[in-house]
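Asker: Quick one: this structure, given as structure tokens, is what I'll be asking you about.
The values are calculated or read from the model by the stated rules, or taken from the named source; none is laboratory data. What you see is a predicted model; the values in this text were computed from it and never measured. Cβ atoms come from the backbone with ideal geometry, glycine included; neighbour counts cover every protein chain shown. Side chains included, ligands, DNA and RNA excluded: accessible areas come from the protein's heavy atoms. Shrake-Rupley method; radii C 1.70, N 1.55, O 1.52, S 1.80 Å.
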Amino acid sequence: MKKLIVGNQKSYLKSNEVNDFIAGLRMVKDLSHVLICPSSIYMERYIKHNFITGCQDVSKYPSGADTGELSIEQIKSIGASFSLVGHSEQRSRKNETIEDTNIKIRQLLEEELVPILCVGESKAERDANKTEEVVLNELQGALDDLSTKDVEKIIIAYEPIWSIGTGIIPTNDEIENIISFIREYIEDNYHISGIILYGGSVNPHNIDTLNTIDGVDGYLIGGASSKIDEFIEIINKCTKEE
Ligand code: PEP
């Protein structure tokens with residue numbers, strides 16, 4: 001069992017804390033399955049130390065006259081290898097639409113960078129029993145008009161919005177069911193199995209239980225990926241070979 005670990009550090013760390021974090025992470029023996037999304041201003045520091053590094057979001061526009069944007073060409077030019085797309089915080093706070101997410105995925109693929117697509121329902125949608133419907137709509141919109149060759153390069157993260165940063169996670173059965181629903185969609189439409197992660201309040205205390213769920217290829221980790229001790233504990237618990 002070696003799970004893919006993607007750390008989304010959001011805007012948690014200040015410059016000196018990044019140095020400490022990198023020093024701590026460099027002590028970990030096996031980082032071959034660990035991907036880091038630091039704040040973009042710190043990305044080159046991680047890349048310099050050969051961490052697999054990506055972005056928390058990218059612009060849907062090419063490099064040019066776009067104040068405040070971070071283009072795919074720019075992140076590629078410093079050696080980033082992937083980007084999150086469609087994260088719920090981008091969608092809710094910056095009004096990113098599913099069409100925008102689709103554009104970003106296409107452009108990342110064109111530049112041979114890996115998109116990590118986030119999908120997941122809100123609390124109200126869960127309460128209305130609409131989890132599958134919401135996730136299906138998001139998959140259809142984000143993957144619109146992509147080929148099997150494209151989709152096999154994409155990582156999908158199921159992130160229930162109500163679980164992000166709240167300490168509340170779905171039951172194991174709920175996670176297993178929705179991951180298998182996503183996998184079936186990918187298998188039926190693209191004839192591949194896909195790489196599917198779970199994200200939402202993953203921490204050192206719940207990781208052992210999460211690791212018992214069938215079909216979860218790894219985790220997208222927010223808060224705990226900025227706390228070096230917690231992050232290392234999670235990595236170690238997801239590194240054991242069977
Ligand atoms: C996230 O924002 O992608 C996330 C999973 O956050 P947290 O782990 O803090 O819930």
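Asker: Being near the ligand (Cβ under 10 Å from one of its atoms) and surrounded by fewer than 18 Cβ atoms within 10 Å (Cβ to Cβ), is that true of even one residue in the range 168-184?
Answerer: Yes, the range 168-184 contains at least one residue that is near the ligand (Cβ under 10 Å from one of its atoms) and surrounded by fewer than 18 Cβ atoms within 10 Å (Cβ to Cβ).
Asker: Only residues that are within 16 Å of the ligand (Cβ to nearest atom) and surrounded by fewer than 18 Cβ atoms within 10 Å (Cβ to Cβ): list them for the range 118-158, please.
Answerer: If the condition is that a residue be within 16 Å of the ligand (Cβ to nearest atom) and surrounded by fewer than 18 Cβ atoms within 10 Å (Cβ to Cβ), then SER122, LYS123 are the ones that fit.
Conditions (1) at negative phi; (2) among the hydrophobic types (A, V, I, L, M, F, W, C); (3) open to solvent by less than 10 Å² (accessible area, probe 1.4 Å), marked per residue:
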| site | (1), (2), (3) |
| --- | --- |
| LEU197 | yes, yes, yes |
| ASP208 | yes, no, no |
| TYR219 | yes, no, yes |
| SER225 | yes, no, yes |
| ILE232 | yes, yes, no |
| CYS238 | yes, yes, yes |
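Asker: From the set of residues in the range 214-242 that are of a type in the set (Gly, Ala, Ser) and within 14 Å of TYR158 (Cα to Cα), which is nearest to the ligand (Cβ to nearest atom)?
Answerer: GLY222
Asker: Just to be sure I understand, how many residues within the range 74-108 are among the basic types (Lys, Arg), over 21 Å from GLU159 (Cα atoms) and either touching a Pro at 6+ places or on another chain (Cβ under 7 Å) or surrounded by 23 or more Cβ atoms within 10 Å (Cβ to Cβ) (or both)?
Answerer: 0
Asker: Of all residues in the range 1-41, count the ones that are open to solvent by 60 Å² or more (accessible area, probe 1.4 Å) and part of a loop (DSSP other than H, G, I, E, B).
Answerer: 8
Asker: Given the structure, is ASN203 open to solvent by 10 Å² or more (accessible area, probe 1.4 Å), more than 15 Å from the ligand (Cβ to nearest atom) and more than 24 Å from LYS153 (Cα to Cα)?
Answerer: Spelling it out, it is not the case that ASN203 is open to solvent by 10 Å² or more (accessible area, probe 1.4 Å), more than 15 Å from the ligand (Cβ to nearest atom) and more than 24 Å from LYS153 (Cα to Cα).
Asker: Regarding SER71, is this residue closer than 20 Å to ILE5 by Cα and either hydroxyl-bearing (Ser, Thr, Tyr) or open to solvent by 50 Å² or more (accessible area, probe 1.4 Å) (or both)?
Answerer: No, not satisfied.
Table: residues versus (1) modelled with pLDDT of 95 or more; (2) touching a Pro at 6+ places or on another chain (Cβ under 9 Å); (3) closer than 14 Å to ILE232 by Cα; (4) more than 15 Å from the ligand (Cβ to nearest atom).
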position: VAL6; (1), (2), (3), (4): yes, no, yes, no
position: ASN19; (1), (2), (3), (4): yes, no, no, yes
position: GLY24; (1), (2), (3), (4): yes, no, yes, yes
position: VAL28; (1), (2), (3), (4): yes, no, yes, yes
position: LEU35; (1), (2), (3), (4): yes, no, yes, no
position: SER39; (1), (2), (3), (4): yes, no, no, no
position: MET43; (1), (2), (3), (4): yes, no, no, yes
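Asker: Further, regarding this structure: Regarding ILE161, is this residue within 14 Å of the ligand (Cβ to nearest atom) and either farther than 19 Å from LYS60 by Cβ or of a type in the set (A, V, I, L, M, F, W, C) (or both)?
Answerer: In short, yes.
Asker: Determine whether the range 206-213 contains at least one residue that is more than 15 Å from the ligand (Cβ to nearest atom), outside any helix (DSSP H, G or I) and among the charged types (D, E, K, R).
Answerer: no
Asker: Can you tell me which of (1) assigned to a loop (DSSP other than H, G, I, E, B); (2) farther than 17 Å from ILE164 by Cα is the one ASP229 doesn't meet?
Answerer: Result: ASP229 passes all but (1).
Asker: What helices (runs of 4 or more DSSP H), lying completely within the range 80-127, carry at least 2 residues that are farther than 19 Å from TYR185 by Cβ and acidic (Asp, Glu)?
Answerer: In the range 80-127, the matching helices (runs of 4 or more DSSP H) lie at 98-110.
Asker: Ok, one more. Could you go through the range 108-128 and let me know if any residue there is without any contact (Cβ under 8 Å) to a residue 40 or more places away in the chain and within 18 Å of the chain's Cα centre (by Cα).
Answerer: yes
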